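Reading through the structure tokens given below for one structure.
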Amino acid sequence: MIVFMGKDKADSAHIRQRNRQAHVERLKKFHEEGLIAFGGPLKDDSNENMIGSLILFHTDSLDMVKEIMEDDPYTREGLFESTQIHRVDKVLTSPL
């Protein structure tokens with residue numbers, strides 16, 4: 001499995017809002033294909049503001065995840081201040 005995490009730039013809520021529908025619709029396709037296990041926004045301490053994105057992919061291909069995320073509307077429109085992509089081992093799981 002591979003996890004993607006993107007942290008939003010300061011004062012970029014307008015970029016997120018303007019591109020959110022396209023971002024979610026695009027990723028829904030990958031979720032329906034079984035490639036995405038989980039995805040959602042990172043929230044600030046008040047739980048009111050989105051400050052980033054976290055997506056867990058069912059794949060071992062770093063290149064595939066990089067390619068998917070490079071073409072994501074959030075990435076293309078410059079929402080993220082920083083991004084990280086890492087392999088992750090599933091040790092503990094439970095139904096959500």
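Condition first: of a type in the set (A, V, I, L, M), touching a residue at least 40 places away in the same chain (Cβ under 8 Å) and surrounded by 14 or more Cβ atoms within 10 Å (Cβ to Cβ). Now tell me which residues in the range 6-46 satisfy that. Those that are of a type in the set (A, V, I, L, M), touching a residue at least 40 places away in the same chain (Cβ under 8 Å) and surrounded by 14 or more Cβ atoms within 10 Å (Cβ to Cβ): 15, 22, 27. Identify all residues within the range 57-76 that are surrounded by 16 or more Cβ atoms within 10 Å (Cβ to Cβ) and either among the aromatic types (Phe, Trp, Tyr) or not in a helix (DSSP H, G or I) (or both); write none if there are none. Of everything in the range 57-76, those that are surrounded by 16 or more Cβ atoms within 10 Å (Cβ to Cβ) and either among the aromatic types (Phe, Trp, Tyr) or not in a helix (DSSP H, G or I) (or both) turn out to be 57, 59, 72, 74.
Residue-level check: of (1) modelled with pLDDT under 95; (2) among the basic types (Lys, Arg); (3) within 12 Å of the chain's Cα centre (by Cα), residue 90 misses just (3). The single condition among (1) modelled with pLDDT of 95 or more; (2) out of contact with any helix residue (DSSP H, G or I) (no Cβ under 9 Å at 6 or more places or on another chain); (3) over 16 Å from residue 74 (Cβ atoms) that residue 48 does not meet is (1).
Could you list, ordered by first residue, the pairs with Cβ atoms under 9 Å in which the first is in the range 77-96 and over 30 Å from residue 12 (Cα atoms) and the second is of a type outside the set (Asp, Glu) and at pLDDT 95 or above, at least 6 apart or interchain? Within 9 Å, the pairs are 89/1; 90/1.
Checking each residue in the range 1-16 for being in a helix (DSSP H, G or I) and farther than 14 Å from residue 43 by Cα picks out 14, 15.
The values are calculated or read from the model by the stated rules, or taken from the named source; none is laboratory data. Note that the coordinates shown come from a computational prediction; the quantities given were computed from them, not determined experimentally. No Cβ is skipped: glycine too gets one built from the backbone with ideal geometry, and neighbour counts run over all protein chains shown.
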